[in-house]
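All remarks here apply to the structure that follows.
Just so you know, all these numbers are worked out from the coordinates, no wet-lab data involved. Model, not experiment: these values are computed from the prediction. Counting neighbours? That spans all protein chains shown, and the Cβs are built from the backbone with ideal geometry, glycine included.
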Amino acid sequence: MTSSVTPAPPDETAPPLAPPGVYAPQEDTALLAGALAEEPLPPGAHVLDVGTGTGALALRAARRGARVTAVDVSWRAVRAARRNARRAGLPVRVRHGDLFAPVRGESFDLIVTNPPYVPGPDDAREPFGAVTSWHGGRDGRAVLDRICREAPALLSPGGTLLLVHSALSDPGRTVGHLRASGLSAAVTHRHRIAFGPVLRARAEWLRERGLLSATEDREELVIVRAQAPC
């Protein structure tokens, strides 16, 4: 059963710095933060934030007493996350690398990820390399499918994956892939938002592909929760 979730309120501390080229926390970050807040997380739990950006989610987990590792393929993001962790006085381990490559052989009680998921033409270009934060290929699944294949092997027994993406990127496919990997998986939360700049710029292309109706001007975000067997 899916439900609506109220995105997590902003941290009471100073917001993380987001330099040019690093994805600034937005509605999808807040939605994932809300799902993270609902997860039981005992002190000392090992948490992985993949595609950490500014480190916003990693910092939330660290404030709950978790041992947190954050990974991003962008050096700009790695430097931003490290700086934000230092500003917050939190011991977040930040690694540079492609998805799970820096943490092969480790296991985690919780993995959170806000990957690139917006469908778009293959020749999409944006300044400062920021497009890598949201462009997910023609079907939005260039990174999502890799996560579905690779994340299960890094979960501890009973460990949980929390993944946010757009309904435009086929949540049913995400759930199906994760279940095929032996996890229990479902869409647990949905939240509709007005189009941001990226979807407004791609709306015509999305309508040509039949992913949007002629009048649609809101996007549905979903949280997929998957859990490994104990």
The chain: calculated mean residue ellipticity at 222 nm from DSSP helix runs of at least 4, using -39500 (n - 2.57): -8000 deg cm²/dmol
Cα-only Debye scattering, the chain: base-10 log of I(q)/I(0) at q = 0.14 Å⁻¹: -0.85
10 Å binning of all Cα-Cα separations within segment 126-184, expressed as whole percents from 0 upward: 20, 49, 25, 6, 0
Nitroxide proxy distance, nm - points 7 Å out along Cα→Cβ at Arg146 and Arg95: 1.5
Hz values of 3J(HN,Hα) by residue in segment 202-210 - Karplus curve (6.51, -1.76, 1.60), Gly and Pro given as x: 9, 4, 4, 4, 5, 5, 4, 8, x
Kirkwood Rh in Å, taken over all unlike Cα pairs in segment 31-89: 11.5
For segment 24-227: relative contact order, % (alpha-carbon pairs under 8 angstrom, 6 or more apart): 19
Lys, Arg +1 and Asp, Glu -1 on Cβ, resulting dipole of segment 51-171 about Cα centre, debye, nearest 20: 820
Added length on full extension, which subtracts the Cα-Cα distance from 0.36 nm per residue, Arg190 to Leu17: 59.5 nm
GNM flexibility winner over the chain from Glu216, Glu150, Glu27 (Cα, springs under 10 Å): Glu216
Full-extension gain in nm, Arg218 to Glu38, via 0.36 nm per residue minus C-alpha separation: 62.2 nm
